[in-house]
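Have a look at the structure below before the remarks.
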Amino acid sequence: MASRDPDDEFREIKREIIESRGLIIKTNNITAALSADVKSIARRQAGYERRITVNSATAYVLFVVVIFGGIKLWLDASIRETRAEIRGLQRSEEQSRRELAAALRDKEERAQLDARAQAFYELVRDGRKQEVVETWEQLRRERLSPAEMAMFQDVVDRYRTDLSRTAYERGLEHARMARYSEAYEAYEEAVRLKEDAGHVGMVHIAQADALRHLGRQREALVILQTVADTGERETADDALFKMAQCLVDLQQFGDARNTLRALLRRYPYGSIANDARMYLAELSSPTFTPRR
C-alpha cells in the first residue's frame with residue numbers, strides 16, 4: 001500500500017471535522033426544536049389537564065348539585081306524601097272516634113230505652129191502663145223498633161178504648177144524677193182518650209145532651225150536626241132527635257119539625273123512629289107546650 005500524503009490526511013481530517021461540526025450544529029438545532037416542541041406539548045398538556053380538571057370539577061359540582069337537587073325533590077315529595085298520609089290518618093282517626101262515640105251513645109241510649117220499654121211492659125202486664133196511656137205519650141217519641149212500636153201501640157189503643165168507655169160510663173152516671181157539668185167533662189175525656197173509638201158517636205150525643213141541659217144548645221147543635229153528617233145509622237137518628245130537642249129549646253119550632261121529618265125520611269124504621277113520630281105529632285099539636 002502506498003503511503004498517503006499528509007496534506008490529504010489533513011484535508012480529510014478537516015473535512016471530517018467540518019462534517020462533525022455541521023452534524024453537531026444540526027443535532028443542536030434538532031435538539032432545540034425538539035425541546036421547543038416538548039415545551040409546547042407540555043404547555044398544551046398542562047392546559048388540557050387544567051381544562052380537564054376544571055371540566056371534571058364542574059361536572060362533579062353539577063353532578064353533586066343534580067344529585068342533591070334530586071334528593072331534595074324526592075325528600076320534599078316524600079314529606080308531602082307523608083304529611084298527606086298523616087292528615088288522612090288523623091281524619092280517619094277523628095272519624096273513627098266520632099263513630100265510636102256515636103256507637104257508644106247509641107248503645108247507651110238503647111240500653112236506657114230498653115229499660116224504659118221494660119218498665120212500660122211491666123205496667124202493661126200489671127194492667128195499669130191509665131199509667132200505660134200516660135207513659136206511652138213520652139215513650140212513643142223514642143226510637144223503638146217497628147215491632148215494639150206496633151205491639152205497644154196495639155196495647156195502648158185497646159187501653160185507650162177501655163178508658164174511653166169507662167169515662168163515657170162515668171159521664172152517664174153523672175148525667176143520671178143530674179150532674180151535667182161533671183158529665184160533660186167525663187165525655188170530653190172519653191173523646192180525648194180515643195177519638196176514633198166505635199162508641200165515640202154515642203159519646204158526642206151524650207155530650208150534646210149535657211150541653212143542652214147546661215143551656216148551651218147552640219154548642220150542642222154543632223156537635224149533633226157533625227154526628228148526623230156521618231150518616232152512621234146507629235147514631236145519626238139519635239143525633240137528629242137531639243137536634244130537634246135543642247131547636248125546641250131555642251124556640252125554633254119550624255126547624256125542629258123539619259129535623260124530625262128528615263129523621264123519619266132517612267131512618268123510618270130506626271130505633272128512635274116511633275119517639276120521633278110522637279114528638280113530631282106533639283110539636284104539630286095546637287096545644288103544644290115546650291118542655292125540657
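Could you please let me know if residue 245 is open to solvent by 10 Å² or more (accessible area, probe 1.4 Å), in a helix (DSSP H, G or I) and among the polar types (S, T, N, Q)? Considered against the rule, which asks whether it is open to solvent by 10 Å² or more (accessible area, probe 1.4 Å), in a helix (DSSP H, G or I) and among the polar types (S, T, N, Q), residue 245 comes out as yes. Just one of the numbered conditions (1) within 47 Å of the chain's Cα centre (by Cα); (2) open to solvent by 100 Å² or more (accessible area, probe 1.4 Å) is not true of residue 62: (1). Determine, yes or no, whether residue 240 is more than 17 Å from residue 129 (Cα to Cα), touching a Ser or Thr at 6+ places or on another chain (Cβ under 8 Å) and part of a helix (DSSP H, G or I). Against the criterion (more than 17 Å from residue 129 (Cα to Cα), touching a Ser or Thr at 6+ places or on another chain (Cβ under 8 Å) and part of a helix (DSSP H, G or I)), residue 240 qualifies. Within the stretch 27-38, is there a residue that is open to solvent by 100 Å² or more (accessible area, probe 1.4 Å) and among the β-branched types (Val, Ile, Thr)? Yes, the conditions are met somewhere in the stretch 27-38. May I ask you to say which residue of 198, 270 is open to solvent by 40 Å² or more (accessible area, probe 1.4 Å), in a loop (DSSP other than H, G, I, E, B) and modelled with pLDDT under 90? Selected residue: 198, the only one of 198, 270 that is open to solvent by 40 Å² or more (accessible area, probe 1.4 Å), in a loop (DSSP other than H, G, I, E, B) and modelled with pLDDT under 90.
Among the residues of the stretch 176-196, the ones that are within 23 Å of residue 157 (Cα to Cα) and hydroxyl-bearing (Ser, Thr, Tyr) come to 2 in all. Restricting the stretch 151-186 to residues that are out of contact with any Leu (no Cβ under 8 Å at 6 or more places or on another chain) and among the aromatic types (Phe, Trp, Tyr), which is nearest to residue 215 (Cα to Cα)? So, considering only residues that are out of contact with any Leu (no Cβ under 8 Å at 6 or more places or on another chain) and among the aromatic types (Phe, Trp, Tyr), the one nearest to residue 215 (Cα to Cα) is 168.
Across the stretch 235-266, the qualifying residues are those that are basic (Lys, Arg) and over 55 Å from the mean Cα position of the chain (by Cα), and the one among them that is farthest from residue 199 (Cα to Cα) is 257.
The values are calculated or read from the model by the stated rules, or taken from the named source; none is laboratory data. These numbers come from a predicted model, not from an experiment. Cβ: placed from backbone, ideal geometry, glycine included. Neighbour counts: every protein chain shown. Note: accessible area is taken over every heavy atom of the protein model, side chains too, but ligands, DNA and RNA are not part of it. Shrake-Rupley method; radii C 1.70, N 1.55, O 1.52, S 1.80 Å.
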